[in-house]
1. Here is a list of conditions, (1) open to solvent by less than 30 Å² (accessible area, probe 1.4 Å); (2) farther than 20 Å from TYR58 by Cα; (3) not acidic (Asp, Glu), and PHE85 meets all of them except one; can you say which number that is?
2. Among the residues of region 399-412, are any at pLDDT 90 or above, open to solvent by less than 20 Å² (accessible area, probe 1.4 Å) and outside any loop (DSSP other than H, G, I, E, B)?
3. Going by the conditions given, is SER168 farther than 30 Å from PRO23 by Cβ, out of contact with any Gly (no Cβ under 6 Å at 6 or more places or on another chain) and part of a helix (DSSP H, G or I)?
4. Do we find that PRO311 is outside the structural domain of LEU169 (by the TED database), modelled with pLDDT under 90 and touching a helix residue (DSSP H, G or I) at 6+ places or on another chain (Cβ under 6 Å) in this structure?
5. Just to confirm my filter: which helices (runs of 4 or more DSSP H) fall fully inside region 58-158 and include at least 2 residues that are out of contact with any strand residue (DSSP E or B) (no Cβ under 6 Å at 6 or more places or on another chain) and closer than 30 Å to VAL215 by Cβ?
6. Would you be able to say whether some residue in region 372-379 is touching a residue at least 60 places away in the same chain (Cβ under 8 Å), open to solvent by less than 50 Å² (accessible area, probe 1.4 Å), among the charged types (D, E, K, R) and not assigned by the TED database to the domain that holds TRP73?
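The values are calculated or read from the model by the stated rules, or taken from the named source; none is laboratory data. Since this is a predicted model, take the numbers as computed values, not measurements. No Cβ is skipped: glycine too gets one built from the backbone with ideal geometry, and neighbour counts run over all protein chains shown. To get the accessible areas, we keep the full protein, side chains included, count just its heavy atoms, and leave off ligands, DNA and RNA. Shrake-Rupley method; radii C 1.70, N 1.55, O 1.52, S 1.80 Å.
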Amino acid sequence: MVGHASEKNDHDTVVDKSDTRAPSEFTVRSCLATAGAALSYFVTVGLLNAFGIFQEYYQSTLIPDHTPFQISWLGAFPTFAVFLFAPAAGILADKIGPTIPITAGSILLLIAIFMISLSKTYWQLFLAQGVLMGVGMSFVAIPASGIVPAYFKKNRALVSGISVAGSSLGGVVWPIAFDQMLHKDGISFAWSMRIGGFIMMPLLAICILTVKKPVKKPVAIPDEAATPTPSNDSTEKPAREDVKTRAEHMKVLRTPPFLLLAAGLVVALFGFFTPFFYISTYAVSLGMSPSLAFYFVSIVNGASLFGRVLPGIVADKWGRFNILVVSMATASVVAFCWTTATSVAGLVVWTIAYGFASGAILSLQIACATTLADASIASSAIGIIMGSTSLGGLFGSPIAGALLKHGYIALACWSGSLLLFGSALIAASRFVQDRSVMARV
């Protein structure tokens, strides 16, 4: 009986050990970091998405002596600066952590907002809104987006979508807020900007406090008395291996999958922003009122919020590269159909379709880049990916503006063609990794 009981107890112990499960990736610390990253995108890229209201106000009130093309650079250049300084912000965050870069970026961003409120001329606006604000935004958003993937492996695409979705929410809230202050409530431009700055202060403080690197698990150190003293050669070997490992991690950024991913995003970003910038003017060209046309920007950003989160759930299960290719190709098809929407209902449907289809592009680029790179260089990988797309953010919309003289069909073809070509390059990156069509890459 004793022997039988002993065997039973041993069996029970084995069952208990085999029932051990891996801890959940969703901890308090990881969820706070994700929320902080979402707020960082809300106050940075989300504000950039509100430039349409500034374009209209500058053109009609503040600097009416400048052409719409000149004013458009005040929106294009900060987008360029966010991408241009992304590699520096990402590498710095990998080396010293995200707190200092985000703090510095927050200070620059707030100074820029309050300087915009004092600006009266074009060159003052360009320095404050075009240069200083763009640099500050880069050092806030890039370190935050690079830290979040370090907490997640299984759900990386989902949480990347949640963090980037902050920009979509900002693209809905900021345009409506500034439109209400400038046109409905009679608040001056200077105080509208200052109110925006005061709103940003606590949000940026939350970003600084919540976006932290994961806590490294302590490594067990063997007892020196029980362990023979190693020779000098063996003592130096781990240091050399550590240096070699870091070098190997950085080599990933020069491999064909990573380079093809970057190339595909460079091409796609030239056409990606065109519908966001010109959907309102297209609505006006159809005879819709400017007050109605204004809300199409909020609609496309609202739809992209769901497009950034929901595809992430599918991507974690069926492959991040697979879903990125499908999303980009779908956005291309929708872009080609732009001018077929000629009624209010049709344009609303088209705007929702493009916002949802294109939403996954910005979120899954982070998930794909960090899938290829080690967690120790995640911010560097994201920074290099975004830095490579900076020219698309700078020249894509002005080129589209130059094509506008040929009609909106030219914009549809421009946007759709570039998105389609970009999806082909990212598909090549996917098949370089695994040639099987059914592989979850």
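1. Answer for PHE85: the failing condition is (1).
2. Taking every residue of region 399-412 in turn, at least one turns out to be at pLDDT 90 or above, open to solvent by less than 20 Å² (accessible area, probe 1.4 Å) and outside any loop (DSSP other than H, G, I, E, B).
3. yes
4. Details: outside the structural domain of LEU169 (by the TED database): yes; modelled with pLDDT under 90: no; touching a helix residue (DSSP H, G or I) at 6+ places or on another chain (Cβ under 6 Å): yes.
Spelling it out, it is not the case that PRO311 is outside the structural domain of LEU169 (by the TED database), modelled with pLDDT under 90 and touching a helix residue (DSSP H, G or I) at 6+ places or on another chain (Cβ under 6 Å).
5. Details: elements: 68-84, 86-96, 99-118, 122-125, 133-147.
Output list reads 86-96, 99-118, 133-147.
6. Step one: of region 372-379, the residues touching a residue at least 60 places away in the same chain (Cβ under 8 Å) are 372-379.
Narrowing further to those that are open to solvent by less than 50 Å² (accessible area, probe 1.4 Å): 372-373, 377-379.
Narrowing the set further to residues that are among the charged types (D, E, K, R) leaves none.
No, region 372-379 contains no residue that is touching a residue at least 60 places away in the same chain (Cβ under 8 Å), open to solvent by less than 50 Å² (accessible area, probe 1.4 Å), among the charged types (D, E, K, R) and not assigned by the TED database to the domain that holds TRP73.
Per-residue answers, yes or no, for (1) open to solvent by 10 Å² or more (accessible area, probe 1.4 Å); (2) farther than 14 Å from LEU39 by Cα:
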position	(1), (2)
SER106	no, no
ILE111	yes, yes
LEU125	no, yes
VAL131	yes, yes
VAL140	no, no
SER145	no, no
TYR151	yes, yes
ALA157	no, yes
SER168	no, no
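Conditions (1) in contact with an Asp or Glu (Cβ under 6 Å, 6 or more places away or on another chain); (2) within 20 Å of SER160 (Cβ to Cβ); (3) surrounded by 22 or more Cβ atoms within 10 Å (Cβ to Cβ), marked per residue:
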{"residue": "LEU261", "(1), (2), (3)": "no, yes, yes"}
{"residue": "LEU265", "(1), (2), (3)": "no, yes, yes"}
{"residue": "LEU269", "(1), (2), (3)": "no, yes, yes"}
{"residue": "PHE273", "(1), (2), (3)": "no, yes, no"}
{"residue": "PHE277", "(1), (2), (3)": "no, no, yes"}
{"residue": "LEU286", "(1), (2), (3)": "no, no, no"}
{"residue": "SER289", "(1), (2), (3)": "no, no, no"}
{"residue": "SER304", "(1), (2), (3)": "no, yes, yes"}
{"residue": "GLY307", "(1), (2), (3)": "no, yes, yes"}
